[in-house]
Every structure is written in structure tokens, then in C-alpha cells.
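Asks: Take this structure, written in C-alpha cells, and hold onto it; I'll ask about it next.
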Amino acid sequence: MELRHLRYFMAVAEYESVRLASEHLHITQPAVSRQIQDLEDELGFLLFERSPRGLKLTLAGQSYLRDVLQAMAALESAARTAKRLAAGLQGQLRLGFVENAGWDGLVPKTFSRFQNDVPEVKIELTALNSPEQLQKIADGTLDGGFIHQYGSLPDEFTTVPLFDYDVVLAIPRAWTIAQQEGETIALRNMAGRPFVMFPRAVYPSYYDCLIGACEQSGLILNVVQEETTEAAILSLVCSGIGAAIVNSANLGRPPAQVRFFKLTDLSVPMPLAFAYRADSANPILSRFITTLRSTFDDA
């Protein structure tokens, strides 16, 4: 049995005539009659009662037609769904992002535009630090992610460079230091003050870059406590535990008990990029990257 048998059967059942069905199908009458006969032979029962006035479905034929119509509708639905999946218009996209990049600017605008363009795609977002994202992209748990990239990545990764953040100094409001300063301060003025930092294991490349830049500016940080996330680090700054050098993206959502200062003698660019595997089989990813590039160009 092939699909053409079912299509011919449906046409004959609709028109109750081989002649009219053949005209509709643009197939010769003998060919249609032969296909119906072959279908009945394979099924082992008559689908039509034949009379000089035409064809009429038997009770078995009526039952079979109902099921065939449902099956053909299901096949058409499956084809439409598969076509939308192949075009990246339906399905799921799993993305990671560094949390503070998602508060304002390009990243949330891209998410919003993409969701408006393809509302049937489900976006699953996970806030992770950059090394965690890269690991999950490598093992297929994520389709891509917004990371801070330091140094080259393994060959399996492709990146879309976006822009650079910088670092700023976060100081507890309770501290009297620099109360009379403007929006800038020299890092060397913080000599001896306690600092809150993240462990090197969180992101070794960035850690080494930051510590090296501090030493070049003439300051060895007096680290009194370490936390794995900037949210936790800023909580300790709020508590007066110490100062911290953090991503300038935090300027978009400043904690009430923290003052931010631009540093006159320290700059550590934090390159934001979108990373993914070039061999990804998810067609939605390609559509997302197109939206990302378009949003970036419009910014």
C-alpha cells in the first residue's frame, strides 16, 4: 500500500465516481480503477458498492475512510511541523549568558526581537559564568551563550564578537574614602584596603588578566574573602566587607549600598561575544545568530 492508493480512494469516495475522481486527480480512469481494486485486494474487503448509478461506500469503506482522513491529516501536520523545525521557526533553543549582560542593552534586545520574530520557538535561558557556558556548549547541553572571552577558544567553537565592557571599582557607601571624589578614582589610592574577589578556578584567564593589571598599576589586592558570583561579591561590598573590581555592566543595576567609580589607572576590557559550536545541528541557532547580528548592527 502506498499513499497514492489512499489519495485515489479519498477522491473516489468524495466524488462517488471514478470518472470525476480521475478528472480531479488528472489520472486516467483505468489507472484509478486499478488502484482501487489493488487496495481492496490488499485489504481483503470491498470499499465500494458498484451500481450503474455510481459508487457508494460500504459500511467497512465508511469506517476505513474516517481513519484514512485522520491519518492523512496527521501526516500533513507532521510535514508542516517538520518544515517549520527545519526552517528554525519552531522548537527549542538553549542559551547561556553572563548574568549582568542580560540586564540591559544588546542581549535582552536580541532575546526580545527573536521571540517576537519566532513566537513558536521556546528559548531556555540559563545564567552561568563563561567557563561553565563553554563546557555546556561543548557537551551539547547549551546551543550557545553570551560569554566574556579571554584568549582563543578550542577549534570546536565559533564566536561572534560584540563589544567590550570594562571594570569599575565598587566601594561600600559606609566607607568615608573618596566621598568627595567625582566619578573617578585611582586604584593605587586603595592600597591596604580589603577587597572581595572571585576564586581563580571560576575563570582562570580573566583572573590572571585582572590580577596582572592590578600589579602593573602598582597595587597588590588585599583579598579578604572570595565569592564565585558578582552578585555575591557585591552583597559583601554592601555589607562593608571590602571593595571589589567588577564588570561595568553593573552600572545598569547598582546596589543601594554600593558606590561605583571609574578607575583612572586601570582598564581591563571584558570582551562580550556569542559562542557556539559551528557543527550545531539546531537550525534555530542559525536564525538566532542572524537576529543577533541584525540587532547589533541597529544598536
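The values are calculated or read from the model by the stated rules, or taken from the named source; none is laboratory data. Everything numeric in this text was worked out from a predicted model, so none of it was measured. Cβ placement follows ideal geometry from the backbone for every residue including glycine, while neighbour counts extend to all protein chains displayed. Note: accessible area is taken over every heavy atom of the protein model, side chains too, but ligands, DNA and RNA are not part of it. Shrake-Rupley method; radii C 1.70, N 1.55, O 1.52, S 1.80 Å.
Asks: Modelled label-to-label distance, Cys209 and Ser286, 7 Å Cα→beta-carbon offset: nm?
Replies: So the label points at Cys209 and Ser286 sit 3.1 nm apart.
Asks: Around Gly144, what is the net charge, scoring Lys/Arg as +1 and Asp/Glu as -1 over all other residues with Cβ under 9 Å from its Cβ? Each step should come with its number before you reach the end.
Replies: Numbers: positive: Arg94, Arg277; negative: Asp143.
Residues near Gly144 contribute +1 overall.
Asks: Would you please report the Å³ per residue occupied by the convex hull of the alpha carbon atoms in segment 83-152?
Replies: Working: hull volume 6.9 nm³, N = 70.
Taking the convex hull of the Cα positions in segment 83-152, it is 99 Å³ per residue.
Asks: Then there's this: In terms of Cα to Cα distance under 19 Å, which aspartates and glutamates are near enough to Lys136, apart from those fewer than 8 places away along the same chain?
Replies: Glu99, Glu124, Asp155, Glu156, Asp279
Asks: May I pose another question? Roughly how many debye, to the nearest 20, is the charge dipole of segment 1-158 about its Cα centre, given +1 on each Lys and Arg Cβ, -1 on each Asp and Glu Cβ, and no other charges?
Replies: Values: 16 positive and 21 negative charges, 126 e Å.
Roughly 600 debye, rounded to the nearest 20.
Asks: Mind checking which helices in the chain clear 30 Å along their axis (Cα) and have mean Kyte-Doolittle hydropathy of -0.5 or more, DSSP H runs only? Walk me through the intermediate numbers first.
Replies: Details: long enough: 59-86 (41 Å, 0.15).
Those that clear 30 Å and a mean of -0.5 are 59-86.
Asks: Suppose R0 equals 41 Å. What FRET efficiency, 1/(1 + (r/R0)^6) with r the Cβ-Cβ distance, do Gln135 and Leu75 give to the nearest 0.05? Please report the intermediate quantities before stating the final value.
Replies: On the way: r = 41 Å, r/R0 = 0.99.
E(calc), rounded to 0.05, equals 0.50.
Asks: Which part of segment 264-281 falls in the paramagnetic zone of Asp297, meaning amide N under 19 Å from the point 7 Å along Cα-to-beta-carbon?
Replies: Hits in segment 264-281 for Asp297 at 19 Å: 274.
Asks: If we count every other residue with Cβ under 12 angstrom of Asn250's Cβ, Lys/Arg +1 and Asp/Glu -1, where does the sum land? Present the calculation step by step, with values, prior to reporting the outcome.
Replies: Working: positive: Arg253, Arg259; negative: Glu99, Asp104, Asp166, Glu230.
Combined, the nearby Lys, Arg, Asp and Glu give -2.
Asks: What nm distance separates the two modelled labels at Asn222 and Glu124, each placed 7 Å from Cα along Cα→Cβ?
Replies: 4.7 nm
Asks: Take the eigenvalues of the Cα gyration tensor for segment 247-296, scale each by 5, and report the square roots as semi-axes in whole Å, largest first. Spell out each step's value before the answer.
Replies: Values: eigenvalues 236, 39, 20 Å².
Equivalent ellipsoid semi-axes, largest first: 34, 14, 10 Å.
Asks: Further question: Sort out for me the Cα centre separation of segment 61-126 from segment 33-56, rounded to whole Å.
Replies: The two parts, judged by their Cα centres, are 42 Å apart.
Asks: Can you pull the percent of Cα pairs in segment 144-299 with separation above 29 Å? Walk me through the intermediate numbers first.
Replies: Values: 3315 of 12090 pairs.
Across segment 144-299, Cα pairs with separations above 29 Å total 27 percent.
Asks: Among DSSP bridges having both ends in the chain, what percentage is antiparallel? Round to the nearest 5.
Replies: Numbers: 25 of 42 bridges.
Approximately 60 percent, going by the DSSP bridge assignments.
Asks: So, for segment 2-132, what is the accessible surface per residue at a probe of 1.4 Å, expressed in square angstrom? Can you show the working numbers first?
Replies: Values: 7730 Å² over 131 residues.
That works out to 59 Å² for each residue.
Asks: Reachable lysines from Lys56, Cα under 21 Å, same-chain residues fewer than 8 places away excluded?
Replies: Filter leaves no residues.
Asks: Further, regarding this structure: Under a GNM of the chain (C-alpha, springs under 10 Å), which listed residue has the highest mean-square fluctuation: Leu20, Leu153, Leu93?
Replies: Leu20
Asks: Compare Glu156, Glu16, Glu42 in a GNM of the chain, Cα atoms joined below 10 Å, and give the one with the largest fluctuation.
Replies: Highest fluctuation among the options: Glu42.
Asks: Here is a further query. Rounded to the nearest angstrom and ordered from largest down, what semi-axes does the equivalent ellipsoid of segment 58-110 get from its C-alpha gyration tensor (root of 5λ)?
Replies: Working: eigenvalues 451, 17, 11 Å².
Working from the Cα gyration tensor, I get semi-axes of 48, 9, 7 Å.
Asks: Hey, which lysines would be in cross-link range of Lys109, C-alpha to C-alpha under 20 Å, not counting anything within fewer than 8 residues on its own chain?
Replies: Lys122
Asks: Now a separate question. How large, in percent, is the carbon and sulfur part of the accessible surface of the chain at a probe radius of 1.4 Å? It would help to have the intermediate numbers written out before the result.
Replies: Details: 7950 of 15730 Å².
So the carbon and sulfur contribution to the accessible surface is 51 percent.
Asks: Right, here's the next one. Evaluate the relative contact order of the chain (contact order divided by residue number), counting alpha-carbon pairs under 8 angstrom at least 6 apart; express in whole percent. Provide the component values of the computation, followed by the final result.
Replies: Working: 452 pairs, mean separation 66.0, N = 299.
The value is 22 percent.
Asks: Gain in length, Thr28 to Asp164, computed as 0.36 nm per residue apart minus the alpha-carbon separation, to one decimal in nm?
Replies: Numbers: separation 136, 0.36 × 136 = 48.96 nm, distance 6.92 nm.
This chain segment gains 42.0 nm when fully extended.
Asks: Would you mind working out the accessible area per residue for segment 211-299, using a 1.4 Å probe, and quoting it in Å²? Numbers along the way, then the final one.
Replies: Details: 4200 Å² over 89 residues.
Ligands and nucleic acids excluded, the result is 47 Å² per residue.
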